[in-house]
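> Have a look at the structure that comes next, please.
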Amino acid sequence: MRFLFVHGTGVRRERHDRLFALVRERLTARFPDAAVDSCYWGDRFGATLGAGGRSGPRR
């Protein structure tokens, strides 16, 4: 059995990795022979923070 984990639009790499670890752990506990893969696309296609992540202009 194969599972593919696809994250949502607002998930950055660090959060994705934590979520995927949990998903993989739970699925393999229930389905020991399962292959669990991830499709992380956030770095390539996700939104980026402009201006170093500042929410407003400098004063």
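The values are calculated or read from the model by the stated rules, or taken from the named source; none is laboratory data. The structure displayed is predicted, hence computed values, not measured ones. Every residue, glycine as well, gets a Cβ built from its backbone with ideal geometry; the counts of neighbours run over all protein chains shown. We work out accessible area using only protein heavy atoms, side chains counted, and drop any ligands, DNA or RNA first. Shrake-Rupley method; radii C 1.70, N 1.55, O 1.52, S 1.80 Å.
> Quote the relative contact order of the chain in percent (integer), defining contacts as alpha-carbon pairs under 8 Å separated by 6+ residues. Don't skip to the end; give the middle numbers.
Working: 45 pairs, mean separation 27.5, N = 59.
In percent, rounded to a whole number, it is 47.
> Obtain the nm distance between the two label points defined at residue 12 and residue 30 by a simple spin-label model: each point lies 7 Å from its Cα along the Cα-to-C-beta direction.
If labels sit at residue 12 and residue 30, their model points lie 3.0 nm apart.
> May I pose another question? Quick one: net charge of residue 43's neighbours, Cβ under 14 Å, K/R +1, D/E -1?
Neighbourhood net charge equals +2.
> What's the angle, to the nearest 10 degrees (0 to 90), between helix 13-30's Cα axis and the longest principal axis of the chain?
Helix 13-30 sits at roughly 10 degrees to that axis.
> Calculate the dipole size of the chain relative to its Cα centre from +1 charges on Lys and Arg beta carbons and -1 charges on Asp and Glu beta carbons; express the result in debye to the nearest 20. Can you show the working numbers first?
Details: 12 positive and 6 negative charges, 89 e Å.
My answer is approximately 420 debye.
> If you roll a 1.4 Å probe over the chain with all protein chains in place, what percent of the accessible area is carbon or sulfur?
The computed percentage sits at 52.
> Helix-only estimate, please: 222 nm mean residue ellipticity of the chain, summing -39500 (n - 2.57) across DSSP H runs of length 4 or more and dividing by its residues, to the nearest 500.
Roughly -11500 deg cm²/dmol at 222 nm, from the helical runs in the chain.
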